[in-house]
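So the structure is just underneath, and the comments pick up after that.
The values are calculated or read from the model by the stated rules, or taken from the named source; none is laboratory data. Small disclaimer: the values here were computed from a predicted structure and weren't measured. Because the Cβ atoms are built from the backbone with ideal geometry, glycine has one as well, and the counts that use them run over all protein chains shown.
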2 protein chains.
Amino acid sequence: MLSQTNDEAMLKQIYKVALTESKAYPWLDDLSNKIGHRLSGSSGAAKAVTYTKEQMELLGLDKVYLQEVMVPQWVRGEKEVAYLQVEKQKKSFPICALGMSVATPKNGLLANVIEVKSLEELKALGTDKVKGKIIFFNRPMNPEFIETFHAYGSCVDQRSSGAREAGELGAVGVIVRSMNLRLDDFPHTGSTNYKDIAMDKRIPAAAISTNGAEELSKLLTENPNAKLYFKQSCQTLEDVLSYNVVGEITGSEHPNKIMVVGGHLDSWDLGDGSHDDGAGCVQSMAVLEIFRKLNYKPKNTIRVVLFMNEENGVKGGLKYEELSSKNKENHIFALESDSGGFTPRGFSIEADDSNFDKITTWKNLFEPYLIHIFRKGHTGVDIGPLKSEKIVKVALQPDSQRYFDYHHAANDTFDAVNKRELELGAASMASLMYLFDQYGLQ
Amino acid sequence: MLSQTNDEAMLKQIYKVALTESKAYPWLDDLSNKIGHRLSGSSGAAKAVTYTKEQMELLGLDKVYLQEVMVPQWVRGEKEVAYLQVEKQKKSFPICALGMSVATPKNGLLANVIEVKSLEELKALGTDKVKGKIIFFNRPMNPEFIETFHAYGSCVDQRSSGAREAGELGAVGVIVRSMNLRLDDFPHTGSTNYKDIAMDKRIPAAAISTNGAEELSKLLTENPNAKLYFKQSCQTLEDVLSYNVVGEITGSEHPNKIMVVGGHLDSWDLGDGSHDDGAGCVQSMAVLEIFRKLNYKPKNTIRVVLFMNEENGVKGGLKYEELSSKNKENHIFALESDSGGFTPRGFSIEADDSNFDKITTWKNLFEPYLIHIFRKGHTGVDIGPLKSEKIVKVALQPDSQRYFDYHHAANDTFDAVNKRELELGAASMASLMYLFDQYGLQ
């Protein structure tokens, strides 16, 4: 009972520090408003590496260092243009190139359009019908899912695989409805994946805003032979050197047992990546900040990692695992925050039954903080490659309702993040790390 | 088990209809963007009565009617002005008159300022020090509370009682730090209560934005003898006739047992009252809309009430109870939504132990919808006066983190409400009403 009382007191202190003293919010302000977007290979990404390393050094951690990693450098080029030619009128739409897409021909692309709702529908059309056409993927996210990530998961194949599959059937371009549950005018980018298709066989892919998708669909029904024009000049340059940013507090009892917490420092180039994933980065840094402020000496080594290049390559996550394997590091725990800076609701956990059961015994400690979700499930892309024998992986699960309003779009900006929601997430992460440090994997 | 399965299926249908077909969001759009603010006695309030009555009629309810109620008519007048005279410079601040406040003298008020953090600190100063001064109440909301309503509750006495208590000690005016956890430039209004103090003894009270409060405090520390000027021309006119808007589906088995659901149709006059409480109104209407769409025939009478004048008098809530008593109505259940249109987290419940225990047995049915709070606590201001013998009262409890960012301020507008969060609240309300209709108070 003493222990339970101590833990209650510790969590209370953690939440108090997070809500009254943490730098998480001013850090995010700097990342978002002073540095801006942090697309891999961009000057923003480089500045963010320098900035976060400096801030970690100010925390008085035991070690702060960079891990070199080569990352792809995709650049958007000029503002994209799209319109439907309906008789003599040009009806414009807000589009953006999908990440990693190739450009259109220099003067753009003009072709008839076929609207489909799925990859299956595309395949059923076959080469004869698809050849020479622009394929318009227009399956909306399903609003019936309570958690929006499920709606995303059941929809995002259009974005990730649409260009590859349409290209294989002879299409000349792809337009994809944005992954957004709202009707608005923001196109949402995100990676499209050509896999091993030869460069000269790749077709350009762009996202259209949800309002635009609705309007385009309506116009195509009325004018099935209208041609769509779009133009984008994005390109993939040579890979460049970048970095994961790492800081740690060395464990007082088990310095070789590592508990890692992180988010990804890169972002897309629309907006400033405040939710995706500036929030996860500053929350992860805040975990170590809170431990330092409380003068908590962890038993195990607590390491924050800001991963580079989650969005279009996961090179940082892969490099981290590679170095960890090479150095024979023993990771006992990994926590990722990459679902936005919204009110935390709980944790998604990858663990064997005994560790999972142990974690659920801590539920009552989180009740005062309205943290209620403890379940097995997917965790994170950057900690995905880690494969220590008995590692427990966890993802922070914030409220998901607003995430796809902002995801990969120009409105993912600092003002969309609420200070308290961000801080409560950091406190929840620090609390779980504290409890695992005390009682985990014994 | 059959029943459990049926209930699961029914809740699934309720959430589906709410998320795919409900008019809650377009109704709120109309209330907020076509009608605007709905301060008691205003033209907006009158239009909102007509609009919501018409919309209820379109739902095909069994009865739709108005209840006459006389309400106070407080008007803000010209835009308020405030500045601190520091030597030859005038440092301006964003202020707004508190609701029900009296005006300053026509040419404004200029006086020295005493900053206090509490009513206790004010009283300790005594008449000698307070006389002729402007009292500046500057106790911030405490960020350590996890639920922001607790921070509000521990702070709002400055706004509700500050003018009365300072006036009794001879102060000439009151400036109150806005009830807002963020630092920003919006002053937040809300009622101040003079109780039975004679009209000519009442002193004017205004709210200052949180940024303004910080700045004023700093300047006063540097310039303790600087005088503050403020001017406001608000006044209370004659009471006017207004209405509660009522619609109902008559119970198929117990038409005389009434289950009421509601929010308040009036708002403050800054912003358009989208969260406070346009959201609660459209959610309450949506409960009946959902039942109609699902062709659900409730056993008990399900009644929606949009109460007038919650903000500055509760005349609608009192009138509803008066008529209910007069007509010997039997209310078995009352549900109020007046905490913003944010993601629902659960319910605050006033009930005897056996009813409370029964409601908590439904918890598992709500798990798929991430509804997890079922606890005894405060419910609502408008259903407060109801006093049927065994009535169960409930308040919807949405996530509270952002509520006071908008509460009673110019940024409480339609764009601050997320469609899905609003709809999930309506679905949660309808689900609880369905279960209570089936199994409650048997």
Residues located in region B:342-370, provided they are out of contact with any strand residue (DSSP E or B) (no Cβ under 7 Å at 6 or more places or on another chain), more than 15 Å from B:PHE436 (Cβ to Cβ) and of a type outside the set (D, E, K, R): B:ASN364, B:PRO368, B:TYR369
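Quick grid of which residues meet (1) under 26 Å from A:LEU237 (Cα atoms); (2) in contact (Cβ under 8 Å) with a residue 60 or more places away in the chain; (3) within 14 Å of another protein chain (Cβ to nearest Cβ):
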{"residue": "A:ALA82", "(1), (2), (3)": "yes, yes, no"}
{"residue": "A:CYS96", "(1), (2), (3)": "yes, yes, no"}
{"residue": "A:PHE136", "(1), (2), (3)": "no, yes, no"}
{"residue": "A:ILE146", "(1), (2), (3)": "no, no, yes"}
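Only one of these is away from chain A (no Cβ under 14 Å), surrounded by 14 or more Cβ atoms within 10 Å (Cβ to Cβ) and assigned to a loop (DSSP other than H, G, I, E, B): B:GLY77, B:GLY60, B:GLY41. Name it.
Working: B:GLY77 fails: surrounded by 14 or more Cβ atoms within 10 Å (Cβ to Cβ); B:GLY60 fails: surrounded by 14 or more Cβ atoms within 10 Å (Cβ to Cβ).
The conditions single out B:GLY41.
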B:SER32 vs. criteria under 25 Å from B:GLN235 (Cα atoms), among the hydroxyl-bearing types (Ser, Thr, Tyr) and either assigned by TED's automatic domain parsing to the domain that holds B:PRO368 or in a helix (DSSP H, G or I) (or both): yes
Odd one out for B:SER400 among (1) outside any loop (DSSP other than H, G, I, E, B); (2) within 14 Å of chain A (Cβ to nearest Cβ); (3) surrounded by 21 or more Cβ atoms within 10 Å (Cβ to Cβ): (1)
Residues located in region A:198-224, provided they are outside any helix (DSSP H, G or I) and over 18 Å from A:ASN138 (Cβ atoms): A:ALA198, A:ARG202
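Could you run through region A:34-83 and say how many residues are of a type in the set (S, T, N, Q) and more than 28 Å from A:ALA205 (Cα to Cα)?
4
Take the conditions in contact (Cβ under 8 Å) with a residue 12 or more places away in the chain, surrounded by fewer than 14 Cβ atoms within 10 Å (Cβ to Cβ) and in contact with a Leu (Cβ under 9 Å, 6 or more places away or on another chain) and apply them to B:GLU68. Does it pass?
Numbers: in contact (Cβ under 8 Å) with a residue 12 or more places away in the chain: yes; surrounded by fewer than 14 Cβ atoms within 10 Å (Cβ to Cβ): yes; in contact with a Leu (Cβ under 9 Å, 6 or more places away or on another chain): yes.
Answer is yes for this residue.
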Pairs with Cβ under 6 Å, 6+ apart, first in region B:333-348 and farther than 16 Å from B:HIS408 by Cα, second assigned to a strand (DSSP E or B) and among the β-branched types (Val, Ile, Thr): B:PHE333/B:VAL392; B:ALA334/B:VAL260; B:LEU335/B:VAL261; B:LEU335/B:VAL394; B:ARG345/B:ILE373; B:GLY346/B:ILE373; B:PHE347/B:VAL394
Sole exception among (1) in a helix (DSSP H, G or I); (2) surrounded by 21 or more Cβ atoms within 10 Å (Cβ to Cβ); (3) under 21 Å from the mean Cα position of the chain (by Cα); (4) not aromatic (Phe, Trp, Tyr) for B:VAL394, by number: (1)
Total residues in region A:337-380, condition buried (at least 17 other Cβ atoms within 10 Å of the Cβ), farther than 22 Å from A:MET10 by Cα and either in contact with a Leu (Cβ under 7 Å, 6 or more places away or on another chain) or away from every other protein chain (no Cβ under 11 Å) (or both): 10
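Among residues belonging to region A:405-440 that are small (Gly, Ala, Ser), at pLDDT 95 or above and in a loop (DSSP other than H, G, I, E, B), point out the one that is surrounded by the most Cβ atoms within 10 Å (Cβ to Cβ).
First, pick out the residues of region A:405-440 that are small (Gly, Ala, Ser): A:409-410, A:416, A:425-428, A:430-431, A:440.
From the residues that got through so far, the ones that are at pLDDT 95 or above too are A:409-410, A:416, A:425-428, A:430-431.
Now restrict to residues that are in a loop (DSSP other than H, G, I, E, B): A:409-410.
Details: A:ALA409: 26, A:ALA410: 19.
Among those residues, the one meeting the criterion is A:ALA409.
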Cβ pairs under 6 Å, 6+ apart, first in region B:109-126 and among the small types (Gly, Ala, Ser), second in a loop (DSSP other than H, G, I, E, B): B:ALA111/B:LYS133; B:ALA111/B:VAL172; B:SER118/B:ARG139
In region A:115-157, the residues that are out of contact with any Phe, Trp or Tyr (no Cβ under 7 Å at 6 or more places or on another chain) and hydroxyl-bearing (Ser, Thr, Tyr): A:SER118, A:THR127, A:SER154
Criterion (crowded, with 23+ Cβ neighbours inside 10 Å and either touching a Pro at 6+ places or on another chain (Cβ under 8 Å) or not polar (S, T, N, Q) (or both)) met by exactly one of B:GLU321, B:GLU311: B:GLU311
Helices (runs of 4 or more DSSP H) contained entirely in region B:286-374, each with at least 1 residues that are modelled with pLDDT under 95, over 22 Å from B:ASN418 (Cβ atoms) and of a type outside the set (Lys, Arg): B:353-360
Residue list for region A:1-29, restricted to those being more than 10 Å from chain B (Cβ to nearest Cβ), part of a helix (DSSP H, G or I) and of a type in the set (S, T, N, Q): A:SER3, A:GLN4, A:THR5, A:ASN6, A:GLN13
